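Step one of this worksheet: look at the structure below.
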Amino acid sequence: LQESESENKLDGETASDSESKSEFGGSPPVPTSDDTPEVLNRALSNLSSRWKNWWVRGILTLAMITFFFIIIYLGPMVLMTIVMCVQIKCFHEIITIGYNVYHSYDLPWFRTLSWYFLLCVNYFFYGETVTDYFFTLVQREEPLRILSKYHRFISFALYLTGFCMFVLSLVKKHYRLQFYMFGWTHVTLLIVVTQSHLIIHNLFEGMIWFIVPISCVICNDIMAYMFGFFFGRTPLIKLSPKKTWEGFIGGFFATVLFGLLLSYVMSGYRCFTCPVEFNNDTNSFTVDCEPSELFQLQEYNIPLVLQSVVGWKTVRMYPFQIHSIALSTFASLIGPFGGFFASGFKRAFKIKDFANTIPGHGGIMDRFDCQYLMATFVNVYIASFIRGPNPSKLIQQFLTLRPDQQLHIFNTLKAHLVDKGVLGGLEDA
């Protein structure tokens with residue numbers, strides 16, 4: 001009885017929750033079944049459930065890592081397509097949980113409106129991205145130029161249409177339930193669509209900003225599981241009873257080391273370090289450039305405290321490796337809280353996984369709960385410490401202005417350079 005009471009307290013269930021249950025028609029029944037392929041079931045039939053789960057997770061993890069390498073090899077366009085597909089699948093998994101509750105009253109339009117809002121939000125975000133990164137192409141095509149000019153108005157009009165449809169769908173005696181689900185949809189859009197949009201923005205800064213953070217989260221997930229499986233004794237957090245301090249700490253050190261090694265290897269290749277740009281002549285993406293200072297080997301002095309330990313006074317490394325320490329630290333210390341958040345969400349609705357898409361792992365959202373939090377951090381990190389003004393984009397926008405506007409900017413810039421002595425020095429030379 002005490003265990004039962006503590007379980008209810010852990011789920012945060014109160015009297016008001018019980019009332020909500022009656023309105024929602026009870027917690028959504030999400031059956032859990034053994035989705036392990038029959039081949040693996042037969043091959044691992046002699047093992048205990050603990051070791052069987054270990055092998056199933058391990059084999060499927062290797063398969064997913066192999067797939068990850070393949071899509072990286074196929075290039076940025078395929079990566080962006082995969083991100084979009086993952087976004088849609090994650091949205092589907094979360095919204096389905098809400099639909100299992102909402103459908104009990106057979107109220108109209110919830111699923112239709114959810115997917116409509118997904119379309120609206122994607123149109124807004126990706127329309128902004130197209131205008132930002134493919135500016136020359138947009139200005140060259142008349143229909144695209146019109147859509148770009150009125151993009152935000154069109155986006156607002158589309159959202160407003162969905163908003164009116166929701167109001168018209170309200171059913172007497174079930175208003176609160178419908179507004180619950182309206183909020184459910186919008187929070188899901190915030191969590192899934194916004195973060196996937198930031199992932200694509202990170203990709204445009206260079207594939208290394210996409211691959212290293214994602215790989216660090218994957219490494220931390222694997223190594224925390226391995227350390228916890230073999231050495232775990234001390235529970236970490238009640239939301240995830242299987243998580244241990246041994247796994248958390250072991251995953252941290254392993255991830256930082258992995259991030260340093262991976263960033264060292266990738267920093268030597270232009271295809272990973274160069275920003276992803278659109279070539280208007282070939283109508284294709286290019287990743288060729290002169291590497292920035294971040295990806296050029298430099299010599300650093302080792303702190304005196306460590307010199308006696310390692311026996312070196314200096315070390316040659318890429319500046320990006322220093323940034324990778326920040327990325328891997330976030331992935332291993334803060335990133336797991338995305339998983340804890342997802343665990344709390346699942347416990348609130350008494351489900352084991354978001355779906356059963358991947359045997360031994362659950363749904364796609366179960367694998368990407370930490371990735372979305374990581375994507376936001378990387379985007380903020382780049383904007384705060386890495387990205388500077390982009391001269392090429394300023395020139396592109398300058399060329400679209402009227403001649404009198406261009407002349408005004410030219411005279412203003414000329415006067416500014418003369419005052420600073422830069423233009424006079426150039427003329428003397």
Checklist entry - Using 7 Å Cα-to-Cβ label points, what is the Ile395/Met77 separation (nm, one decimal)? => result 2.5
Item to check | Three-way shape label, the range 90-242, alpha-carbon gyration tensor, a/c 1.5 | outcome: oblate
Checklist outcome for this item: For Phe285, other-chain or 5+-apart residues with amide H closer than 5 Å (H placed, Pro excluded) are Asn279
Item to check | From phi via Karplus (6.51, -1.76, 1.60), per-residue ³J(HN,Hα) for the range 206-212 in Hz, x at Gly/Pro | outcome: x, 4, 5, 6, 8, 6, 4
Next on the checklist: Heavy atoms of the protein only, probe of 1.4 Å, neighbouring chains included. What is the accessible area of Phe354 in Å², nearest 10?
Outcome noted: 20
Item to check | Karplus (6.51, -1.76, 1.60) ³J(HN,Hα), θ = phi - 60°, over the range 371-378, in Hz, Gly and Pro reported as x | outcome: 5, 5, 5, 5, 4, 5, 4, 4
Checklist entry - Largest first, how would Arg145, Arg233, Arg57 line up by accessible area (1.4 Å probe)? => result Arg233, Arg145, Arg57
Checklist entry - Could you give the nm distance between label points at Thr234 and Val265, where each point is 7 Å from its Cα heading toward the beta carbon? => result 3.3
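By how many nm would the segment from Asp404 to Thr282 lengthen if fully extended, with 0.36 nm per residue of separation less the alpha-carbon distance?
Full-extension gain reported as 40.7 nm.
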Checklist entry - With the Cα gyration tensor of the range 243-320 giving a ≥ b ≥ c as the square roots of its eigenvalues, does the rule (a/c under 1.5 for rounded; else a/b larger than b/c for prolate; else oblate) give rounded, prolate or oblate? => result oblate
Next on the checklist: Using a 1.4 Å probe on the protein heavy atoms only, what accessible surface does Leu168 show? Give it in Å² to the nearest 10.
Outcome noted: 140
Next on the checklist: I'd like the FRET efficiency for Arg111 and Lys149, computed as 1/(1 + (r/R0)^6) with the beta carbon distance as r and R0 of 51 Å, rounded to 0.05.
Outcome noted: 0.95
Item to check | Fully extended contour minus Cα-Cα distance, from Phe163 to Phe253, at 0.36 nm per residue | outcome: 27.6 nm
Checklist entry - Using 0.36 nm per residue, how much length does the chain from Thr412 to Ala63 gain when fully extended, once their Cα-Cα distance is taken away? => result 119.8 nm
Checklist entry - Amide H of Lys243: which non-local residues (sequence gap of 5 or more, or other chain) have their own amide H closer than 5 Å, using H built in the peptide plane? => result Leu236, Ile237
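Students sometimes get this wrong: rank Thr244, Thr357 by accessible area, probe 1.4 Å, all chains present, largest first.
Thr357, Thr244
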Checklist entry - Each residue of the range 181-187 in turn: what ³J(HN,Hα) in whole Hz from Karplus with 6.51, -1.76, 1.60 and θ = phi - 60°, glycine and Pro shown as x? => result 6, 5, x, 4, 4, 6, 5
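The values are calculated or read from the model by the stated rules, or taken from the named source; none is laboratory data. On a predicted model such as this, the values are computed, not experimentally measured, just so you know. In this analysis, Cβ positions are derived from the backbone assuming ideal geometry, glycine residues included, and neighbour counts consider all displayed protein chains. These accessible areas exclude ligands, DNA and RNA; they are computed on the full protein's heavy atoms, side chains included. Shrake-Rupley method; radii C 1.70, N 1.55, O 1.52, S 1.80 Å.
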